[in-house]
Amino acid sequence: MKTFVIANQKGGVGKTTTTINLGASLAKQGKKVLLIDLDPQANLSSGVGFSQQFARESWNNTETAPYKSIYNVLVESTPIASTFVTTSIPNLFLVPSHLSLAGAEIEMVNMLSRETLLKKALSEFKEPFDYVLIDCPPSLGLLTINALCAADQLIIPIQCEYFALEGLGQLLETIKLIKSVNAGLEIGGVVLTMFDSRTKLSESVVNDVREFFKETVFNTVVPRNVRLSEAPSHGMTIAEYDPNSTGGIAYENLAKEFIKRFG
Ligand SMILES: Nc1ncnc2c1ncn2[C@@H]1O[C@H](COP(=O)(O)OP(=O)(O)O)[C@@H](O)[C@H]1O
Ligand SMILES: [Mg+2]
């Protein structure tokens, strides 16, 4: 079981879109995949169709939540396996998020080994997944730190836009610090997202990122594609919503490259 953290403290760069659609494409290609939604905004959970209607009505109330989420795992030591839910794609499983996760970082501050709560939770189950993909919130807070401590590989989505590389220094510094706790953490891949072939800017960002991260950058570049932004509002991955769109094909190719790289 290989564990990947999808992180970049910038918001809106394609972390969640990549986690959902890479995960779905990997599952379609026969891998058993677990997605963990570590963002209180729960875009990953709703994006794979996790009880949207119900969620809207009850997610602001922890007490009556009928399901267990990653919040319970981190704050109440609920066994993570008891939070797994299925999705419409066989082989693709989810650990959902919950609005209460927004307060979790504060609740976790005084807990023992607060940086490694997720690592511990993942070490305590024997479910044979090929890949675990963890989607992070847009910050370098305790939730993201937990994901970085639990993972073998970091996948960094970078948007082909102005200031693409801005803030990455801070992420790389954080990784250096994490290595004292999780020595094995590597930068497994960089995914270029929202590429716009009509602009010279996208092209120049691609060149800058390849120059900096070399062969760590996946060959597959994800284009800006409206189908990718529509799919989550239907609670569908692109593999279900429009697999033949440019976005659908890109994530299918990214999954192939991913399997080649990580086995
Ligand atoms: N390749 C893409 N083409 C078009 N829209 C995209 C693409 N990737 C992401 N988006 C949209 O951009 C927004 C931010 O993406 P998201 O994956 O939520 O970023 P993050 O998780 O890093 O905050 C979302 O509305 C998403 O639907
Ligand atoms: Mg997100």
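Name every residue in region 116-148 that is part of a strand (DSSP E or B) and within 16 Å of ligand 1 (Cβ to nearest atom), in order of residue number. Explain how you work it out, then say what you get.
The first filter runs over region 116-148 and keeps only residues part of a strand (DSSP E or B), leaving 131-135.
Correct list: Leu133, Ile134, Asp135.
Restricting attention to region 149-166 and to residues that are open to solvent by less than 10 Å² (accessible area, probe 1.4 Å) and within 15 Å of Ile70 (Cβ to Cβ), the residue that is farthest from ligand 1 (Cβ to nearest atom) turns out to be Cys149.
Confirm whether Leu92 is modelled with pLDDT of 95 or more, within 25 Å of Thr116 (Cβ to Cβ) and crowded, with 20+ Cβ neighbours inside 10 Å. When the stated conditions are applied, Leu92 does not pass them.
Taking the numbered list (1) at pLDDT below 90; (2) more than 16 Å from ligand 2 (Cβ to nearest atom); (3) within 30 Å of Ser233 (Cβ to Cβ) in turn, Pro128 passes all entries but (3). Among the residues making up region 7-40, those that are more than 11 Å from ligand 2 (Cβ to nearest atom) and buried (at least 22 other Cβ atoms within 10 Å of the Cβ) are Asn21, Leu22, Gly23, Ala24, Ser25, Leu26, Ala27, Val33, Leu34, Leu35, Ile36. Within region 1-38, the set of residues being closer than 22 Å to Asn225 by Cβ, touching a helix residue (DSSP H, G or I) at 6+ places or on another chain (Cβ under 7 Å) and part of a loop (DSSP other than H, G, I, E, B) comprises Asn8, Gln29.
Which residues, counting only those in region 221-263, are more than 14 Å from ligand 1 (Cβ to nearest atom) and modelled with pLDDT under 95? Residue satisfying the conditions is Gly263 alone. Whether any residue in region 74-85 is open to solvent by less than 70 Å² (accessible area, probe 1.4 Å), assigned to a loop (DSSP other than H, G, I, E, B), hydroxyl-bearing (Ser, Thr, Tyr) and farther than 25 Å from Met194 by Cβ is what I want to check. Within region 74-85, one or more residues are open to solvent by less than 70 Å² (accessible area, probe 1.4 Å), assigned to a loop (DSSP other than H, G, I, E, B), hydroxyl-bearing (Ser, Thr, Tyr) and farther than 25 Å from Met194 by Cβ. Residues of region 41-53 that are within 14 Å of ligand 1 (Cβ to nearest atom), open to solvent by 10 Å² or more (accessible area, probe 1.4 Å) and not in a loop (DSSP other than H, G, I, E, B): Asn43, Ser46.
For every residue, the table says whether it meets (1) within 30 Å of Asn244 (Cβ to Cβ); (2) at pLDDT below 95.
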residue	(1), (2)
Leu26	yes, no
Gly30	yes, no
Gly49	yes, yes
Glu57	no, yes
Ala81	no, yes
Ala104	no, yes
Met111	no, yes
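The values are calculated or read from the model by the stated rules, or taken from the named source; none is laboratory data. What you see is a predicted model, and the numbers here were worked out from it, not measured in a lab. With ideal geometry, Cβ positions are generated from the backbone for all residues, glycine too; neighbour counts draw on all protein chains shown. Only protein heavy atoms, including side chains, enter the accessible area calculation; ligands, DNA and RNA are left aside. Shrake-Rupley method; radii C 1.70, N 1.55, O 1.52, S 1.80 Å.
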